[in-house]
Amino acid sequence: MENFTYHNPTRIHFGRGQIAQVGREIPTEARVLLVAGGGSIKTNGVYDQVRKTLGSKSVLEFFGVEANPDYDTLMKAVGICRKERVDWLLAVGGGSVLDGTKFIAAAVPFQGEPWDILAKNAPLKSALPIGAVLTLPATGSEANGGAVISRRSIQEKLAFINPLVFPRFSVLDPETTFSLPERQIANGVGDAFTHVLEQYLTFPAAAAVQDRFAESILKALIEEGPKSVANPQDYDARANVVWAATWALNTAIGVGVPQDWATHMIGHELTALHQIDHARTLAIVMPSLMQVQRATKREKLLQYAGKVWHITQGSEEARIDEAIGRTRAFFEKLGLKTRLRDYNVSPETASVVAQRLKARGFLPLGEREDITAEVVEKILRLAA
Ligand code: NZQ
Ligand code: ZN
């Protein structure tokens, strides 16, 4: 196991009725901007609960943060915060709203061109405090310091990570997710599942605790994910999916171990170029990446086959084949199609994606830094 320093500063309020904690968490004198998406919170009762707990606090509202939050939209919120001297942000919505809020929090006090926070990894001196009411289990953004921002005008999708933008608190009430369309809860399960694989399916690092945690989260998602898609009002299934998604990317299982993230980096390009939902890009890339990287991921693939899918029969190659097949079947069972052609994307996108990643200096990718432009292309061609 590698050395690490671990600190997760986000206080979690989990369960029914926990939105009432928001009013206690945000200081009375705060000048708050409530940040939200396209309006789902107005129709499922979440907005009313939030306004109730905020009481007479000074609150402005900013609606309209899109799925895959857009830089130009967020900069409008940055302008409002600066003009109105907002000093607290409350994100109410899915990962996009939360990521967008993290960017606003970083950009408001930032001196200089805010795009540099994403494009040049510019250091931050401070950020506004953030609270969150999460309504979509998927990203883990509710308990991490990462955010992914799109800029449609130049077809970019870039991430930044900074400890200053961990939420101070996050409310996770599974009931707020009952109103999710099937497509979005399926996306959430697929995204969380892939987050675990990105941190687990690498090479052995003598990290038994992280490995057993990762396997538990994967198994919980395999057991509870499809149930949660089929029965949207099943509280216990939702509660487990919500908690699994938080654990998948609250950074705990990734400490001291090698990490991959190539599936995400390739997936972000597919979203930027073809507007495919984040989780669906991962369902396209992951099974194919497992296949192309099967030699370098061999030991962990065998471990994954045995511990997660209970595949014990057959040769090592046959067990790996079956584990990859089960992974693809799991995505498909959730309703996440796993081929580029399912999204009307031609195989020619393979070289475009490879060249974009190369031009940005992001290559090579992978835990062994062996995913070059040629390998990216091979992965996507196999996913055609
Ligand atoms: O905008 P509204 O009206 O709220 O509708 C949203 C949106 O259309 C809707 N929705 C959310 N909660 C709902 C609901 N509809 C009904 N009932 C509810 N309770 O769902 C749609 C999608 O929401 P979005 O926030 O975009 O989904 P998700 O949480 O999957 O977030 C995806 C974004 O997160 C990034 C992705 O790249 C993508 O931009 N990621 C962030 C990460 C992080 N911060 O650590 C890691 C991830 O790998 C990921 O890259
Ligand atoms: Zn993801």
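The values are calculated or read from the model by the stated rules, or taken from the named source; none is laboratory data. Everything numeric in this text was worked out from a predicted model, so none of it was measured. Here the Cβ is made from the backbone with ideal geometry for all residues, glycine too, and neighbour counts use every protein chain on show. Just the protein is used for accessible areas: all its heavy atoms, side chains included, with ligands, DNA and RNA removed. Shrake-Rupley method; radii C 1.70, N 1.55, O 1.52, S 1.80 Å.
Side notes on the structure shown:
- The loop-placed chymotrypsin sites (Phe, Trp or Tyr not before Pro) in region 1-36, going by DSSP, that have at most 16 neighbouring Cβ atoms within 10 Å of their Cβ come out as PHE4, TYR6.
- Burial ranking of peptide ranges 212-224, 179-191 (average Cβ count within 10 Å, highest at the top): 179-191, 212-224
- Applying a length cut-off of 24 Å (Cα extent along the axis) and a mean Kyte-Doolittle floor of 0.0 to the DSSP H helices of the chain leaves 208-230.
- Across PRO163, PRO287, PRO123, mean-square fluctuation computed from a Gaussian network of the chain (C-alpha pairs under 10 Å connected) peaks at PRO123.
- Residues of type aspartates and glutamates that LYS378 reaches as a straight line, Cα spacing below 14 Å, ignoring anything fewer than 8 places off in the same chain: GLU348, ASP370
- Carbon + sulfur, % of accessible area of the chain - ligands and nucleic acids excluded, 1.4 Å: 51
- For the chain, the share of DSSP beta bridges that are antiparallel, to the nearest 5, is 25%.
- Charge tally around GLY94: other residues with Cβ under 14 Å, Lys/Arg +1 each, Asp/Glu -1 each, net -4.
- The mean sequence distance of close C-alpha pairs (under 8 Å, at least 6 residues apart), as a share of the length of the chain, puts its relative contact order at 15 percent.
- Entries in LYS297/LYS358; LYS157/LYS219; LYS76/LYS157; LYS76/LYS358; LYS42/LYS219; LYS219/LYS297 that, when Cα-Cα distance is taken, lie over 26 Å: LYS157/LYS219; LYS76/LYS358; LYS42/LYS219
- Surface analysis of the chain yields an accessible area of 41 Å² per residue, using protein heavy atoms and a 1.4 Å probe.
- Rounded if a/c under 1.5, otherwise prolate or oblate - region 1-153, Cα gyration tensor axes: rounded
- Highest-first packing order for the peptide set 311-321, 329-339 is 329-339, 311-321, based on the mean count of other beta carbon atoms within 10 Å.
- Between ARG280, ARG151, ARG24, the GNM of the chain built on Cα springs shorter than 10 angstrom shows ARG24 fluctuating the most.
- Centre separation in Å (Cα based) which lies between region 175-203 and region 236-256: 9
- Sparse-neighbourhood loop sites, GluC sites (Glu not before Pro) in region 3-85 - DSSP loop, at most 14 other Cβ within 10 angstrom: GLU29
- Cut-off 14 Å between beta-carbons: net charge of the residues surrounding GLY38, Lys and Arg +1, Asp and Glu -1: -2
- For peptides 143-149, 341-347, sequence by mean Cβ density within 10 Å, most packed first: 143-149, 341-347
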